[in-house]
Amino acid sequence: MTPRRLVERRIVLATHNKGKARENAALLATRGVDVVTAGELGLPEPAETETTFIGNATIKALAAARAAGQVAMADDSGFSVRALDGAPGVYTADWAQQPDGSRDYAQAMAKVERLARHDRDRAAWFSCALVLAWPDGHVEGFLGEAHGTWVWPPRGDRGFGYDPMFVPAGGTQTFGEMEPAAKHAISHRAAAFAKLASACLD
Ligand code: IMP
């Protein structure tokens with residue numbers, strides 16, 4: 001089936017995560033698409049009950065599209081370590097969750113290091129699922145990955161989340177040290193967006 005084209009010039013970004021919102025808004029802006037975030041519209045955050053990135057992004061995009069009556073795009077993403085059989089993966093945000101409801105990424109990165117440090121295999125990757133949903137329930141989903149290695153200690157204060165402990169293949173700087181434009185050129189999010197753009201925007 002041919003993918004549905006996105007003709008709207010303004011869509012809802014179904015995320016409450018500032019780092020993801022910033023990067024997705026920048027990617028969409030390159031194609032002339034403007035965003036309003038689910039947070040700005042006061043939409044609730046649905047529970048992420050699926051076990052795949054595409055599944056959880058679909059829940060978030062559909063909930064926002066139906067609540068707002070507009071096309072919505074959701075981003076579900078995560079960090080995977082091969083020595084941990086792909087964990088934290090879809091549970092990446094959960095590993096940062098604190099009892100008071102806040103998220104502590106320094107602690108989450110330290111947990112990865114504590115569990116994986118005795119393994120010589122340092123392979124790691126980021127995944128990103130981008131799902132577009134229409135108010136009538138139609139969805140289009142795309143998955144992107146960025147492969148590399150995890151490093152310790154974390155380096156760099158650009159970016160967000162687990163960026164300071166990831167060095168992309170062929171690079172020397174962590175995502176946390178790189179210029180935003182350099183991360184954009186090779187990130188999991190950019191890879192997913194390139195597929196989305198080619199299917200729904202070109
Ligand atoms: P979720 O998609 O809301 O389940 O959360 C994904 C989590 O993965 C975020 O809270 C981030 O910590 C992490 N994450 C996703 N993408 C990136 C990225 O580009 N850099 C660093 N961390 C990321």
In the chain, taking the dipole from +1 charges on Lys and Arg beta carbons and -1 charges on Asp and Glu beta carbons about the Cα centre, the listed residue (Ala124, Gly89, Ala68) farthest towards the positive end is Ala124
Using the count of nearby Cβ atoms within 10 Å as a rough guide to exposure, how do Leu13, Leu28 rank from fewest to most? Leu28, Leu13
If all Cα-Cα distances of the chain are sorted into 10 Å bins from 0 onward, what percent lands in each bin, rounded to whole numbers? 9, 37, 35, 17, 3, 0
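If Rh is defined by the Kirkwood formula over all Cα pairs and Rg also comes from Cα, what ratio Rg/Rh do you get for region 96-191?
Details: Rg = 15.3 Å, Rh = 14.7 Å.
With Rh from the inverse mean 1/r over Cα pairs, Rg/Rh is 1.04.
Evaluate the charge dipole of the chain about its Cα centre and quote only its size in Debye, nearest 20, assuming +1 on the Cβ of each Lys and Arg and -1 on the Cβ of each Asp and Glu.
Values: 22 positive and 24 negative charges, 64 e Å.
Once rounded to the nearest 20, the dipole reads 300 debye.
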Could you check the spin-label model distance between Lys195 and Arg155? Points 7 Å from the Cα along Cα→Cβ, value in nm. 3.0 nm
Phi to ³J(HN,Hα) by Karplus 6.51 cos²θ - 1.76 cosθ + 1.60 over region 85-92, Hz, x for Gly, Pro: 6, x, 6, x, x, 5, 9, 4
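What ranking, highest mean first, results for peptides 112-121, 141-150, 193-202 when packing means the other Cβ atoms within 10 Å averaged over each residue? Please report the intermediate quantities before stating the final value.
Values: 112-121: 12.8, 141-150: 19.9, 193-202: 16.6.
For the peptides 112-121, 141-150, 193-202, the packing ranking is 141-150, 193-202, 112-121.
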Work out from phi, with θ = phi - 60° and the Karplus expression 6.51 cos²θ - 1.76 cosθ + 1.60, the ³J(HN,Hα) of each residue of region 111-125, listed in order in whole Hz, and give x for Gly and Pro. 5, 4, 4, 4, 7, 10, 5, 7, 9, 6, 6, 9, 5, 8, 7
If I model a spin label as a point 7 Å beyond the Cα along the Cα-Cβ vector, how far apart are those points for Asp85 and Glu179 in nm? 4.2 nm
Within region 78-107, which residues have the backbone N less than 14 Å from the label spot 7 Å out from Arg117 along Cα→beta-carbon, could you tell me? 107
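What is the order of His138, His188, fewest Cβ neighbours within 10 Å to most? Before the final figure, lay out each step's value.
Numbers: His138 13, His188 26.
Ordered from fewest to most neighbouring Cβ atoms within 10 Å, His138, His188 come out as His138, His188.
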Pull up the cross-link candidates among the lysines for Lys195, meaning alpha carbon to alpha carbon under 18 Å and not fewer than 8 places away within one chain. Lys20, Lys183
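Rounded, prolate or oblate: which fits region 150-202 when a ≥ b ≥ c are the square roots of the eigenvalues of the alpha-carbon gyration tensor, with rounded for a/c under 1.5 and prolate only if a/b beats b/c?
Details: a/c = 2.79, a/b = 2.54, b/c = 1.10.
Prolate, since a/c reaches 1.5 and a/b exceeds b/c.
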Centroid-to-centroid separation of region 11-69 and region 148-182 [C-alpha atoms, Å]: 24 Å
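Based on the Kirkwood radius over alpha-carbon pairs, what is the Stokes-Einstein translational diffusion coefficient of region 1-110 at 20 °C with 1.002 mPa s viscosity, in µm²/s?
Numbers: Rh = 15.2 Å.
D = 141 µm²/s.
Each reported figure results from applying straightforward, stated rules to the coordinates on display, with no laboratory input. Note that the coordinates shown come from a computational prediction; the quantities given were computed from them, not determined experimentally. A quick note on method: Cβ atoms are made from the backbone with ideal geometry, for glycine too, and the neighbour counts reach across all protein chains shown.
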